[in-house]
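The values are calculated or read from the model by the stated rules, or taken from the named source; none is laboratory data. Here the structure is a predicted model, which is why all the values come from computation and not from measurement. Cβ placement follows ideal geometry from the backbone for every residue including glycine, while neighbour counts extend to all protein chains displayed. Surface accessibility is based on the protein's heavy atoms, side chains included, excluding ligands, DNA and RNA. Shrake-Rupley method; radii C 1.70, N 1.55, O 1.52, S 1.80 Å.
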Amino acid sequence: MALSDRPLRGVLFDRDDTLVVDVPYNADPALVVPVPGAARAVAAARAAGLAVGVVTNQSVIAKGMATREQVDATNARVDELVGPFDVWEVCPHDRADDCACRKPRPGMVLAAAARLGLDPADLVVIGDIGADVGAAAAAGGQGVLVPTARTLPAEVDGATTVARTIEEAVTLVVAQAAPVTP
């Protein structure tokens with residue numbers, strides 16, 4: 001499966017199980033371990049002139065299991081090991097909060113696009129679950145699903161574009177790249 005022919009100017013990544021190994025409710029920088037190929041994939045997107053960012057649900061904050069500062073420190077470690085990223089958008093809410101930013105809703109994608117000065121249709125979200133690609137679609141962008149052990153078969157079946165690895169996903173995006181001019 002492939003992306004549409006629309007030129008792309010940026011890529012937003014999910015954090016857990018896309019960029020880094022998922023440690024449930026992780027807010028400890030010492031536990032951050034990149035997914036194989038993540039740093040190379042981000043570097044390839046950046047080298048192609050694409051804006052790069054992260055959109056991540058972090059309900060650990062709403063659950064009271066970590067502070068925003070702890071999550072920010074964890075994200076800084078991800079940025080150090082895998083980035084750098086041009087923008088980070090974090091949803092601190094739980095599913096029951098019914099916010100506009102929690103994926104699969106489009107809030108974080110729209111906010112990242114605005115901060116990058118891009119039309120959401122110029123972005124791709126790469127993630128490991130249906131909510132990631134759902135947020136992209138809800139914002140008017142595209143999504144690439146990179147399934148993991150926790151990805152549901154229905155999410156794979158419902159995805160427009162599926163890649164085996166984060167590097168393969170970025171290769172698909174780079175093939176459609178229309179670089180951002182500084």
Legend entry - J(HN,Hα) series, the range 50-62, from Karplus relation 6.51 cos²θ - 1.76 cosθ + 1.60, nearest Hz, glycine and proline x: 7, 6, 10, x, 10, 10, 9, 6, 10, 5, 4, 6, 4
Legend entry - 5 angstrom amide H check on Phe13, placed H, neighbours 5+ away: Gly53, Val54, Val55, Ile126
Inset, instruction - Using a 10 angstrom cutoff on alpha carbons, build the Gaussian network for the chain and name the most mobile of Leu50, Leu12, Leu31. - result: Leu31
Inset, instruction - Write out the trypsin sites (Lys or Arg not before Pro) in the range 85-173 meeting two conditions: DSSP loop, and at most 14 other Cβ atoms within 10 Å of their Cβ. - result: Arg150, Arg164
Legend entry - Extreme residue, positive dipole direction of the chain, given options Gly117, Ala43, Gly141 (C-beta unit charges): Gly117
Legend entry - Karplus 3J(HN,Hα) series, Hz, for the range 110-125 with 6.51 cos²θ - 1.76 cosθ + 1.60 (x for Gly, Pro): 5, 5, 5, 4, 4, 5, 8, x, 10, 6, x, 5, 8, 10, 10, 10
Inset, instruction - Show the residues, 5+ positions off or on another chain, whose built amide H is closer than 5 Å to the amide H of Ala48. - result: none
Inset, instruction - List, in order, the whole-Hz ³J(HN,Hα) value for each residue of the range 72-87 obtained from phi through the Karplus relation with A = 6.51, B = -1.76, C = 1.60 and θ = phi - 60°; use x for Gly and Pro. - result: 4, 5, 5, 5, 4, 5, 4, 4, 5, 7, 10, x, x, 10, 6, 8
Inset, instruction - Answer with a single label: of (1) 18.2, 58; (2) 19.7, 69; (3) 14.8, 43, which was calculated as Rg and Dmax of the Cα atoms in Å from the structure in view? - result: (3)
Inset, instruction - Can you work out the accessible area per residue across the range 12-129, with the rest of the protein chains kept in place, probe 1.4 Å, in square angstrom? - result: 41 Å²
Legend entry - Accessible surface of the range 64-123 [probe 1.4 Å, protein heavy atoms]: carbon and sulfur percent: 50 percent
Legend entry - Efficiency of FRET from Cβ geometry, Met65 and Arg150, R₀ 25 Å, rounded to 0.05: 0.80
Legend entry - Positive-end extreme of charge dipole, the chain - chosen from Thr56, Tyr25, Pro7 (charges on Cβ): Pro7
Inset, instruction - Pull out a ≥ b ≥ c, the square roots of the eigenvalues of the alpha-carbon gyration tensor of the range 21-95, then state rounded if a/c is under 1.5, prolate if not and a/b is larger than b/c, and oblate in the remaining case. - result: prolate
Legend entry - Considering only the chain, percent of DSSP beta bridges that pair antiparallel, nearest 5: 5 percent
Legend entry - Net charge dipole size for the range 1-88 [Lys, Arg +1 and Asp, Glu -1 on Cβ; Debye, nearest 20]: 220 debye
Inset, instruction - Please work out how much length the chain gains when fully extended from Thr160 to Tyr25, using 0.36 nm per residue of separation minus the C-alpha to C-alpha distance, in nm with one decimal. - result: 45.7 nm
Inset, instruction - Treat every Asp and Glu Cβ in the chain as -1 and every Lys and Arg Cβ as +1, leave all other atoms uncharged, and give the resulting dipole magnitude about the Cα centre to the nearest 20 debye. - result: 160 debye
